[in-house]
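The values are calculated or read from the model by the stated rules, or taken from the named source; none is laboratory data. Treat the numbers as computed from the prediction; the structure is a model and nothing was measured. Note that we place each Cβ from the backbone using ideal geometry, even for glycine, and neighbour counts take in every protein chain shown.
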């Protein structure tokens with residue numbers, strides 16, 4: 001277990017070999033063993049293998065090759081549709097058309113996703129999360145025909161790895177952990193926490209290629225810009241609303 | 001690994017034995033190996049062991065006994081504060097005061113939390129998630145002195161178990177998995193998916209104790225009511241805004 005966690009790498013190149021049905025079933029069942037609010041299981045997992053649908057998802061996910069290459073695409077959705085239907089057909093009056101319920105369902109979906117990721121890796125499969133899920137939620141809703149009270153929150157691609165990348169660097173533990181309560185960062189703290197990352201050979205190369213002065217500028221100017229963030233914020237909030245998660249409020 | 005996932009139970013009674021420092025360190029480090037958006041690690045983990053602070057957290061978390069009993073309380077926060085400070089001190093212009101960035105950071109925090117949960121269980125520790133974190137986020141922000149761009153999204157209590165509950169029931173896999181795209185539920189589907197849960201001895205007892213006709217009514221009338229959901233939706237949205245995550249929009 002611990003071994004699987006510490007060996008995690010995101011895999012971006014996949015072999016064409018399919019994932020055996022019994023393996024996929026065990027991996028998905030592992031997802032359902034994650035903690036879930038009040039045992040409501042307010043999430044759904046859409047397993048897409050169909051080539052034509054995968055092509056549409058690939059387009060939605062900024063045409064990242066791994067979406068086409070990996071044999072299986074798993075879209076994890078916050079889902080109060082099933083639970084609400086159950087309530088309605090059991091003479092109960094559901095009240096889950098609100099932001100809190102959306103977020104509760106998103107937590108459920110994300111904990112299940114991480115169980116699926118680790119179970120897949122334990123079986124020798126590779127995985128990669130697609131952050132583009134929230135950016136392109138509206139398109140994904142259309143492609144997967146997600147009904148009201150269902151919103152995609154993350155995606156995993158999985159299959160057998162066709163690359164073996166090294167371990168990614170991480171900040172030192174003290175950089176993300178606080179004792180007892182939050183201790184805000186001084187400039188000295190930030191210098192110390194980011195020193196190793198900034199000194200990496202990989203960072204130097206990135207600065208040269210991107211013609212930037214600091215690694216932080218590559219994030220703010222190229223990778224995660226304010227303009228994009230604001231644009232996709234509006235888009236994601238619109239989907240949450242369109243899918244009915246603000247109607248009660 | 002798979003074994004640990006399939007053995008998961010939420011533990012609500014704890015021994016007083018402390019968690020050894022080296023174990024806690026490995027468990028937290030396991031959290032940092034989870035996938036993180038663009039390797040930004042936009043989360044923080046607040047490790048609370050101090051009895052006085054734990055008492056305040058216990059009050060915030062609806063006075064659930066396990067918060068006082070468990071020797072360690074871990075609050076997982078969406079955190080763009082550290083990253084933003086790094087950008088500002090590196091002549092970069094961060095743009096993370098928006099809803100998308102909050103949600104991205106929440107995903108990071110939740111994937112790290114599930115790694116921590118599994119690593120803890122692998123070490124023989126018990127864990128329990130506290131859903132009250134989002135309900136009471138404002139109070140938790142005060143207790144833990146969370147600065148701007150930091151919002152608590154979930155909490156884990158951990159320690160050595162003083163109970164060994166049975167495995168919790170789950171819906172059949174077909175109840176939460178969809179092939180290729182979402183196939184909405186018919187009344188027949190719902191009847192089939194919930195049949196086992198509704199037939200449990202535990203369910204019959206709950207109906208008797210609560211004097212209700214259906215299990216769904218216990219959820220809508222007692223456990224997760226529309227009134228509470230709407231109230232805590234407003235409160236949580238207010239915290240997200242107050243912590244600065246809507247300023248760019």
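With the requirement that a residue be within 14 Å of residue B:114 (Cβ to Cβ) and assigned to a loop (DSSP other than H, G, I, E, B), what does region A:1-43 give you?
The answer is A:1, A:8, A:33, A:34, A:35, A:36.
Which residue is farthest from residue A:51 (Cα to Cα), if the candidates are limited to region B:151-180 and must be without any contact (Cβ under 8 Å) to a residue 12 or more places away in the chain and touching a strand residue (DSSP E or B) at 6+ places or on another chain (Cβ under 7 Å)?
Top of the filtered list is B:176.
Run down B:188, B:139 and say which single residue is away from chain A (no Cβ under 11 Å) and not in a strand (DSSP E or B).
The unique qualifying residue is B:139.
Can you say whether residue A:155 is on the phi < 0 side of the Ramachandran plot, in contact with a helix residue (DSSP H, G or I) (Cβ under 9 Å, 6 or more places away or on another chain) and loosely packed, with under 14 Cβ neighbours inside 10 Å, as far as the supplied structure shows?
No.
Determine which member of the set A:195, A:120 is more than 7 Å from chain B (Cβ to nearest Cβ), in contact with a helix residue (DSSP H, G or I) (Cβ under 7 Å, 6 or more places away or on another chain) and at negative phi.
Details: A:195 fails: in contact with a helix residue (DSSP H, G or I) (Cβ under 7 Å, 6 or more places away or on another chain).
Sole residue among the options that is more than 7 Å from chain B (Cβ to nearest Cβ), in contact with a helix residue (DSSP H, G or I) (Cβ under 7 Å, 6 or more places away or on another chain) and at negative phi: A:120.
One line per residue, one yes/no per condition, for (1) part of a loop (DSSP other than H, G, I, E, B); (2) surrounded by fewer than 19 Cβ atoms within 10 Å (Cβ to Cβ); (3) under 13 Å from the mean Cα position of the chain (by Cα):
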{"residue": "A:45", "(1), (2), (3)": "no, no, yes"}
{"residue": "A:62", "(1), (2), (3)": "yes, yes, no"}
{"residue": "A:86", "(1), (2), (3)": "no, no, no"}
{"residue": "A:100", "(1), (2), (3)": "no, no, no"}
{"residue": "A:113", "(1), (2), (3)": "no, no, yes"}
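Would you confirm whether or not region A:202-220 contains a residue that is part of a loop (DSSP other than H, G, I, E, B) and closer than 28 Å to residue A:126 by Cα?
Checked against the condition, which is being part of a loop (DSSP other than H, G, I, E, B) and closer than 28 Å to residue A:126 by Cα, region A:202-220 yields no hits at all.
When region A:222-249 is examined, which residues are found to be at the interface with another protein chain (Cβ under 7 Å from one of its Cβ atoms), under 30 Å from residue A:167 (Cβ atoms) and either surrounded by fewer than 20 Cβ atoms within 10 Å (Cβ to Cβ) or at pLDDT below 95 (or both)?
A:223, A:225
Scan (1) more than 25 Å from residue A:241 (Cα to Cα); (2) at pLDDT 95 or above; (3) out of contact with any strand residue (DSSP E or B) (no Cβ under 9 Å at 6 or more places or on another chain); (4) within 7 Å of chain B (Cβ to nearest Cβ) for the single condition residue A:55 breaks and write down its number.
It fails just one condition, (4).
Residue by residue, here is whether (1) closer than 23 Å to residue B:62 by Cα; (2) facing chain A (nearest Cβ under 10 Å) holds:
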{"site": "B:129", "(1), (2)": "yes, yes"}
{"site": "B:161", "(1), (2)": "yes, no"}
{"site": "B:172", "(1), (2)": "no, yes"}
{"site": "B:178", "(1), (2)": "no, yes"}
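With respect to residue A:134, determine if the residue is outside the structural domain of residue A:59 (by TED's automatic domain parsing) and either touching a residue at least 40 places away in the same chain (Cβ under 8 Å) or surrounded by fewer than 16 Cβ atoms within 10 Å (Cβ to Cβ) (or both).
no
Taking residue A:183, is it free of Cβ contacts under 8 Å to residues at least 24 places away in the same chain and assigned to a loop (DSSP other than H, G, I, E, B)?
Details: free of Cβ contacts under 8 Å to residues at least 24 places away in the same chain: yes; assigned to a loop (DSSP other than H, G, I, E, B): yes.
Spelling it out, residue A:183 is indeed free of Cβ contacts under 8 Å to residues at least 24 places away in the same chain and assigned to a loop (DSSP other than H, G, I, E, B).
Any residue at all in region A:32-49 that's within 7 Å of another protein chain (Cβ to nearest Cβ), under 30 Å from residue B:216 (Cα atoms), out of contact with any strand residue (DSSP E or B) (no Cβ under 8 Å at 6 or more places or on another chain) and without any contact (Cβ under 8 Å) to a residue 12 or more places away in the chain?
Looking through region A:32-49, at least one residue is within 7 Å of another protein chain (Cβ to nearest Cβ), under 30 Å from residue B:216 (Cα atoms), out of contact with any strand residue (DSSP E or B) (no Cβ under 8 Å at 6 or more places or on another chain) and without any contact (Cβ under 8 Å) to a residue 12 or more places away in the chain.
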